[in-house]
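For reference, the structure is listed below as C-alpha cells.
The values are calculated or read from the model by the stated rules, or taken from the named source; none is laboratory data. It should be emphasised that the depicted structure is a prediction, and the values quoted were computed from it without experimental measurement. Neighbour counts run over all protein chains shown; Cβ positions are idealised from the backbone, glycine included. Surface areas here come from the heavy atoms of the whole protein model, side chains and all, with no ligands, DNA or RNA. Shrake-Rupley method; radii C 1.70, N 1.55, O 1.52, S 1.80 Å.
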Amino acid sequence: MAPRLVVDLGETSEKDLGLVGGKAGKLGELIREGLPVPPGFVVTTDAYDAFVAANGLGPVIDAAMATIDESTPSSADEAARRIRAAFEEKEFPAELRATIADAYEAYARRHTVRFSAVRSSATAEDLDDASFAGLQDTYLNVHGVDQVLGSVRRCWGSLFTPRVLVYRQRKGITHTGLRLAVLIQKMVDSTVSGILFTRDPNTGENHMIVEAGWGLGEAIVGGEVTPDHYVVDGATLQTVQKQISEQKIRYVRAEGGGNRREEVPAAERSAQKLPDPRLARLVSLARLIESRYRRPMDVEWCADAQAIYIVQARPVTTIPTSTAGPARPAAPSFGEAAPIVRGFGASPGVAAGVARLLRGAEQMDRLKAGEVLLTTMTTPDMVPAMSRAAAIVTDEGGMTCHAAIVSRELGVPCIVGTREATTLIPDGTEVTVDGKTGAVYRGRLTSTVAKAPAPAPAAGGVAVHETVPVTATKILVNVGVPEKAEEYARLPVGGVGLLQIEFIFTAHVREHPLALIQKGRQDELVRRLSEGIAKVCQAFHPRPVIIRTSDFKTNEYRGMPGGEPFEPVEENPMIGWRGCSRYISSVYRPAFQCELAAIQRVRSEMGLKNAMVMLPFVRNTWELEEIAEMLRAAGLKRSRDFKLYLMAEVPSTVLLARDFAHHCDGFSIGSNDLTQLVLGADRDSETLGRMGYFDERDPAVLRAIRLLIEGAHAEGTTVGICGQGPSVYPEFAEFLVREGIDSISLNADTVVTTARTIAAIEQRMKLDGLRAG
C-alpha cells in the first residue's frame, strides 16, 4: 500500500493515531461534530518515515540513543544535539517535498490562508495518560511553503530534545517505533486565548476551570503571565469564582509573520479578558467535547473578534481519584504556622525540602533530588529538574501553565502564581509546600491531620495503594498499552478484565499480521505479541489477565501497513468481517493461530498461567466449536487454570445465553456493540449520537442485559462488563449490581470512585433486605 503522506484534518480520527498522532486525530473528530476548529492538513507519520529512511537517519538515532546513561544527565543533552543536528542538515526528498507543497497550496487557496500554525502531533501525545504538554515544538504565524517545510523538519527533530527524552523515560515510553506527524492549521489572529479543564485537575471536583489572557496563548502556557481565573459549577454552569489578573505583556502576530512581544495598553491590563457571554459560549463548547469523549477534558482555545475556536482537546491525565466521591478528606493543617507566600494550588500533595532558586534551565544542575524547585516559571527544558524535585513553586502562571500540567503528571506538589516567592524565599531555606491549598511555610512542618494524606497519583494520574471497601462485585481494570501494567497493578483490583490485543498490534507489531506472515516473519509476530502480553501478566501475577483476541474491523486492518491486499472494502465494517468470523476463515486463520501461539508461549514458556482468553463478536455456537479445536491444537484447553470467555455483543448471544454458556466459562458484556445492535443505532453515527439514540441505559438494552445474566447464571456461568458505562452513569452501575453482575472492569482512573459507588449500592441492598425482612 502506498504511504499516505498528507491527510486533510477533517478526515482524521483517533483510529488514525498511528498515522496522524493524538492531537490531529481528536481535532478531526471535533470538526465532524460541528465544533469550531481551524481548518488544516496533516503531514503524516508516513512522511516522517519517508524523510528518516531517505536520509538514513534511523541508524543515527539508534546510535545516539545508545549513548544515553541515566546516571549522566549530560549524555541525554549530547544525544539530543546529535539527532537534531542530523534532522536540520538533511533535505526533503523531491517527491515528499512536492507532495507537502501541493497540499499546502491547495489548503491555502481553499481556506484563504496567509499565516499558519505548525504543530507537533505525536503517536504518544494527547493520550489518556500522557499529554506531552509543551514538550515538542510548535511554530506560530508561519508564512509560505518554505517556512512551513522548515518548521515541519524542526518539529520532527523535537521528538529528541533532552526534555522529551526525560519525559518519555518517566512515562515508560520507548523511542522505538515512536513517530511524529505534523499538523498545519490556519492561524487565528487571537485577541484572547487560554485553556479550560472540564473538571478541576487538582481536586477532581465537578468544576470547570477556565483561564484566559490577552493575545496568543504562549504567554499563559509559558507562565510569563498570570491569567484570569474563572471557576464554573459543572452542574449549574454558573460562574462561582472570578479572579481578574493584571496582564502587562502579551504576544501578537508580527508584521510579516512570527510572534512579537508587546506591552498591554494600561487601560486593558486589569480588564476581564473573557466577557460573561463569551465565557458561557466557551463552557457550552467544552460540555459538547466532554460529552463526545465521556471523560474530563483539557481544552485549548483561542478567539478573534468574531468567534471562539478549539485548537486542542486532550484527556485530563491527572484527576486525583483519592479526592472524588462524597467523603472529602480533611485539608492538612500546620497549627499556628503562617505561610510565607500563597499562590494557586496546582498539583496536590505536601512536601518539604531545601528551596533551590533556579533562574533558568542552565542552572538545573544546582537542584538536588528532594529539593524544592523555586523559579519565576518553569520551561519545557526544565523537565529533568522537575522530575527530581520534591515540590515546585513559581512566581507566575495559572492552573494551565507548563509547571502545573507537568507537575500533576509527575505527581509532584506544585504552587504557581505566587507573584513573589523568588523574592520572599531565600535560596537554601527549608520550606514546606502544600500543593492543595497553595501555601508555602517556613521550615519542615508536620501536618496535624491524623489520617495520612492520600498518595499522590503515579505518573499518569492513577492513585495507588488506595483503601476501598470490599465488594461482592469483583472489580477489575482495563489495560490498554502494556507499558502501564506495573502502575495499574498497584490498584485495588482483582485482575485485568480486558486486555485488547489490538493495542499490542498497533504499539509493538505495527504491521498487518498477514503481511508479516507472507514475508516469513511469523516468529517475529509471535515474539512481539508474547512480549507485550507477558509484560501485563507479569505485573498482575497471579491475578487473572483476560486477553481479548483481535477485533479489528476491515477498515481498521486495511489502514495498517501491508493491510490493503488482505482486507476487502465493506460498506458496514461494524457488522462485517470481524471477531470470530475472521478466525475460522482460511484467509485470517494463520494470523489468529499466531495470537494463540503467543498466549501459549506466555503460559508455558514464561510460566504465567494467569493469561486467559476472551473471544470477541461471537455470532453462533458452531463457530465456537471450530475455534475450540484451534485452541486445543495450540495447547489451550479449558480447565481449572485456563478459562475461556465470550464477549456478549451480538443479540444472538443474549437470546441463546444458556446455549452459549456451554462453550465458555464466562461472558463479558460489550455494551457499545450490544447497544448499537439492540437499538439499530450505529455507534459511529454522529447524527444519532447527538439525537440521543445511542444510550446503554435504554430500556431495551437493560432488558437484554437482564436476559443474559439470568440465562448465564442458570447454567452456572459468570457475567461481567468492561466499559465506561458503570463509571459514567451511577444508575447504570446500580442496575448491574442489583441484577447480579459478577464483575465490572473499569478504566484505571475510575477504579477507586466506582468501587466506592458499588460498595454503597451493595450496602443499600443489604439494608433494603433487612427492612423487607
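Once region 1-28 is narrowed to residues that are assigned to a strand (DSSP E or B) and aliphatic (A, V, I, L, M), the residue that is least open to solvent (accessible area, probe 1.4 Å) is V7. Of all residue pairs spaced 6 or more apart or on separate chains, those with beta-carbon atoms under 8 Å, a first member in region 468-495 that is in contact (Cβ under 8 Å) with a residue 40 or more places away in the chain and a second member that is part of a helix (DSSP H, G or I) and among the polar types (S, T, N, Q) are I475/T754; A485/Q538.
Among the residues making up region 641-658, those that are part of a strand (DSSP E or B) and out of contact with any Pro (no Cβ under 8 Å at 6 or more places or on another chain) are F642, L644, Y645, L646, A648. Among the residues of region 639-653 satisfying the criterion of being more than 32 Å from the chain's Cα centre (by Cα) and charged (D, E, K, R), which is nearest to G607 (Cα to Cα)? Within region 639-653, the match that is nearest to G607 (Cα to Cα) is D641.
Residues that are out of contact with any Gly (no Cβ under 6 Å at 6 or more places or on another chain) and part of a helix (DSSP H, G or I) within region 29-51 comprise E29, L30, R32, T45, D46, A47, Y48, D49, A50, F51, listed in sequence order.
Does E14 count as at pLDDT below 85, farther than 19 Å from R153 by Cα and within 21 Å of the chain's Cα centre (by Cα)? Yes: the conditions hold for E14.
Among the residues that make up region 580-598, is at least one of them acidic (D, E) and either over 26 Å from S745 (Cα atoms) or part of a loop (DSSP other than H, G, I, E, B) (or both)? Show your work before the answer.
Of region 580-598, the ones acidic (D, E) are 595.
From the residues that got through so far, the ones that are either over 26 Å from S745 (Cα atoms) or part of a loop (DSSP other than H, G, I, E, B) (or both) too are none.
Within region 580-598, not a single residue is acidic (D, E) and either over 26 Å from S745 (Cα atoms) or part of a loop (DSSP other than H, G, I, E, B) (or both).
Here is the figure for region 703-756: residues that are of a type outside the set (G, A, S) and under 28 Å from the mean Cα position of the chain (by Cα) total 21.
Whether a residue is under 30 Å from T422 (Cβ atoms), part of a loop (DSSP other than H, G, I, E, B) and modelled with pLDDT of 85 or more was assessed, and R444 passes this test. Just name the residue that is farthest from Q312 (Cα to Cα) out of those in region 85-127 that are of a type in the set (S, T, Y) and assigned to a loop (DSSP other than H, G, I, E, B). Across region 85-127, the extreme among qualifying residues is T112. Does at least one position in region 373-383 carry a residue that is touching a residue at least 24 places away in the same chain (Cβ under 8 Å), open to solvent by 10 Å² or more (accessible area, probe 1.4 Å), out of contact with any helix residue (DSSP H, G or I) (no Cβ under 9 Å at 6 or more places or on another chain) and over 21 Å from A80 (Cβ atoms)? No, that holds for no residue. Meeting the requirement of 1 or more residues that are without any contact (Cβ under 8 Å) to a residue 24 or more places away in the chain, the helices (runs of 4 or more DSSP H) wholly within region 701-773 are 751-772.
When A303, A271, A331 are checked against the criterion of being open to solvent by 20 Å² or more (accessible area, probe 1.4 Å) and at pLDDT 90 or above, A271 stands alone in meeting it.
Within the bounds of region 54-69, is there any residue that is part of a loop (DSSP other than H, G, I, E, B), touching a helix residue (DSSP H, G or I) at 6+ places or on another chain (Cβ under 8 Å), farther than 25 Å from L5 by Cα and open to solvent by 40 Å² or more (accessible area, probe 1.4 Å)? Yes - at least one qualifying residue is present in region 54-69. Residues A108, A130, A124: which one is open to solvent by less than 20 Å² (accessible area, probe 1.4 Å) and modelled with pLDDT of 90 or more? Checking each option against the conditions leaves just A108.
If you go through region 180-231 and keep only what is surrounded by 23 or more Cβ atoms within 10 Å (Cβ to Cβ), of a type in the set (S, T, Y) and over 24 Å from the mean Cα position of the chain (by Cα), you end up with S190, T226, Y230. Give I100, I83 a once-over and let me know the one that is of a type in the set (V, I, T), closer than 26 Å to K26 by Cβ, open to solvent by less than 10 Å² (accessible area, probe 1.4 Å) and at pLDDT 85 or above. Going through I100, I83 in turn, the sole match is I100.
So that you can scan it fast, the table gives a plain yes or no per residue for (1) open to solvent by 30 Å² or more (accessible area, probe 1.4 Å); (2) of a type in the set (S, T, Y); (3) without any contact (Cβ under 8 Å) to a residue 40 or more places away in the chain; (4) out of contact with any Leu (no Cβ under 7 Å at 6 or more places or on another chain):
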site	(1), (2), (3), (4)
S604	yes, yes, yes, yes
V654	no, no, no, no
A661	no, no, no, yes
S671	no, yes, no, yes
T675	no, yes, yes, yes
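Every residue, every condition in (1) out of contact with any helix residue (DSSP H, G or I) (no Cβ under 6 Å at 6 or more places or on another chain); (2) surrounded by 21 or more Cβ atoms within 10 Å (Cβ to Cβ); (3) under 15 Å from V341 (Cβ atoms), yes or no:
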residue: A385; (1), (2), (3): no, yes, no
residue: V393; (1), (2), (3): no, yes, yes
residue: G397; (1), (2), (3): no, yes, yes
residue: A404; (1), (2), (3): yes, yes, no
residue: R408; (1), (2), (3): yes, yes, no
residue: C414; (1), (2), (3): no, yes, yes
residue: T418; (1), (2), (3): yes, yes, yes
residue: T423; (1), (2), (3): yes, no, yes
residue: P426; (1), (2), (3): yes, no, yes
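Taking A313, is it crowded, with 22+ Cβ neighbours inside 10 Å, at pLDDT 85 or above and either among the hydrophobic types (A, V, I, L, M, F, W, C) or touching a Leu at 6+ places or on another chain (Cβ under 8 Å) (or both)? Taking the combined requirement at face value, the residue satisfies it.
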